[in-house]
Amino acid sequence: MEIFNTVKDMQDKANRLREQGKRIAFVPTMGYFHEGHLDLMREGRKRGDYLVISIFVNPTQFGPAEDLDKYPRDFERDRTLAEEVGVDAIFFPDNEGMYPPRYQTYVDVEGVTKNLCGAARQGHFRGVATVCTKLFNIVKPHVTVFGKKDFQQLVTIRTMIRDLNMDIDVIGMPTTREHDGLAMSSRNVYLSEEERESALSLSRSLFLAKKMFEAGETDAGKVLAEVTRYIESYPHTRIDYAKISCVDTIEEAQHVGVDTFIALAVKVGKTRLIDNHVFGEVLDIPYPEGR
Ligand code: PAF
């Protein structure tokens with residue numbers, strides 16, 4: 001497996017691969033891998049001749065009061081795991097390489113970033129769109145793989161690629177979950193044992209919403225009232241948002257349908273977790289009866 005630390009070395013490699021007619025698959029990450037990242041890489045492995053991943057904790061997508069400094073990092077562990085799933089190269093730049101002095105160019109995707117995490121985390125998607133544009137220009141992929149756990153991020157990237165005529169296929173992969181349904185996230189390591197139990201309120205309340213929809217409920221307000229009640233029945237939880245929105249526009253929806261999804265952001269203790277469910281899609285989690 002190759003490691004590239006500079007933009008130039010990575011771009012030279014990408015140019016050579018393209019000259020040889022190789023298909024480049026790319027998975028951008030912020031490192032500290034869990035099974036969810038590895039699933040994205042396994043998919044990338046199938047989609048290209050040469051699989052590149054990036055590890056870069058991107059400062060421009062964190063707000064001033066967020067966890068940039070304490071975001072978990074472990075390059076050696078990540079390198080081993082990446083090698084095990086057959087990654088060909090890691091692009092691992094430093095901050096100065098990505099944002100040199102006098103850096104001043106940003107990418108703003110408008111409509112789909114207004115609500116949900118876009119409203120709760122000002123500037124977050126501007127940072128994501130900017131770093132992904134830069135990474136795409138450096139790695140020059142034919143295909144890129146993103147997780148549906150960050151559903152609004154996936155829609156933002158798809159929108160940006162369409163609007164800016166980037167010639168890249170985007171694959172959206174289902175959320176990878178722990179055995180009890182908790183969506184995998186690098187931030188799960190912050191949770192205490194008690195908070196870990198409360199964190200299950202997210203996936204379980206999504207399951208509740210799915211059941212209500214399957215039983216014929218189409219009133220978004222009623223589904224959200226039940227989801228809110230459920231999450232708040234667990235200790236240490238504080239809902240940042242619980243919303244049902246259109247899958248294409250991320251506009252709030254009054255009715256539940258297969259063109260909508262429910263998205264949650266919940267603080268469990270000090271840790272902010274997100275999860276979502278697209279109505280009509282599979283959500284296979286164990287759900288305790290009678291709560
Ligand atoms: O999903 C992430 O880990 C990040 O937002 C991404 C796409 C790597 C951009 O920094």
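Remarks
- Qualifying residue in the range 110-122 (condition: touching a helix residue (DSSP H, G or I) at 6+ places or on another chain (Cβ under 6 Å), among the β-branched types (Val, Ile, Thr), under 20 Å from Arg23 (Cβ atoms) and more than 14 Å from the ligand (Cβ to nearest atom)): no
- Listing of helices (runs of 4 or more DSSP H) fully contained in the range 1-95 that carry 3 or more residues being surrounded by 20 or more Cβ atoms within 10 Å (Cβ to Cβ): 7-19, 35-47
- The condition of being in contact with a helix residue (DSSP H, G or I) (Cβ under 8 Å, 6 or more places away or on another chain), within 14 Å of Lys140 (Cα to Cα) and away from the ligand (no atom under 15 Å from the Cβ) holds for only one of Leu17, Leu51, that being Leu51.
- None of Gly118, Gly127, Gly181 is open to solvent by less than 40 Å² (accessible area, probe 1.4 Å), in a helix (DSSP H, G or I), closer than 24 Å to Thr237 by Cβ and of a type in the set (Gly, Ala, Ser) except Gly118.
- For the range 235-249, the set of residues classified as in contact (Cβ under 8 Å) with a residue 60 or more places away in the chain and assigned to a loop (DSSP other than H, G, I, E, B) consists of Val247, Asp248, Thr249, listed by residue number.
- Residue within the range 220-227 that is surrounded by fewer than 20 Cβ atoms within 10 Å (Cβ to Cβ), at pLDDT 95 or above, in contact with a strand residue (DSSP E or B) (Cβ under 8 Å, 6 or more places away or on another chain) and of a type in the set (Val, Ile, Thr) present: no
- Search result, residues across the range 258-279 that are assigned to a loop (DSSP other than H, G, I, E, B) and either free of Cβ contacts under 8 Å to residues at least 24 places away in the same chain or surrounded by 20 or more Cβ atoms within 10 Å (Cβ to Cβ) (or both): Val258, Asp259, Phe279
- Residue in the range 140-151 that is within 13 Å of the ligand (Cβ to nearest atom), farther than 19 Å from Leu38 by Cα, open to solvent by less than 30 Å² (accessible area, probe 1.4 Å) and out of contact with any His (no Cβ under 6 Å at 6 or more places or on another chain) present: no
- Scanning the range 69-79 turns up at least one residue that is out of contact with any helix residue (DSSP H, G or I) (no Cβ under 6 Å at 6 or more places or on another chain), closer than 19 Å to Glu2 by Cα and within 14 Å of the ligand (Cβ to nearest atom).
- Taking the range 152-175 as the range and being of a type in the set (Val, Ile, Thr), part of a loop (DSSP other than H, G, I, E, B) and away from the ligand (no atom under 13 Å from the Cβ) as the test, only Ile168 passes.
The values are calculated or read from the model by the stated rules, or taken from the named source; none is laboratory data. Just so we're clear, the structure is a prediction, and the values are computed from it rather than from any experiment. Note: ideal-geometry Cβ built from the backbone for every residue, glycine included; neighbour counts use all protein chains shown. Just the protein is used for accessible areas: all its heavy atoms, side chains included, with ligands, DNA and RNA removed. Shrake-Rupley method; radii C 1.70, N 1.55, O 1.52, S 1.80 Å.
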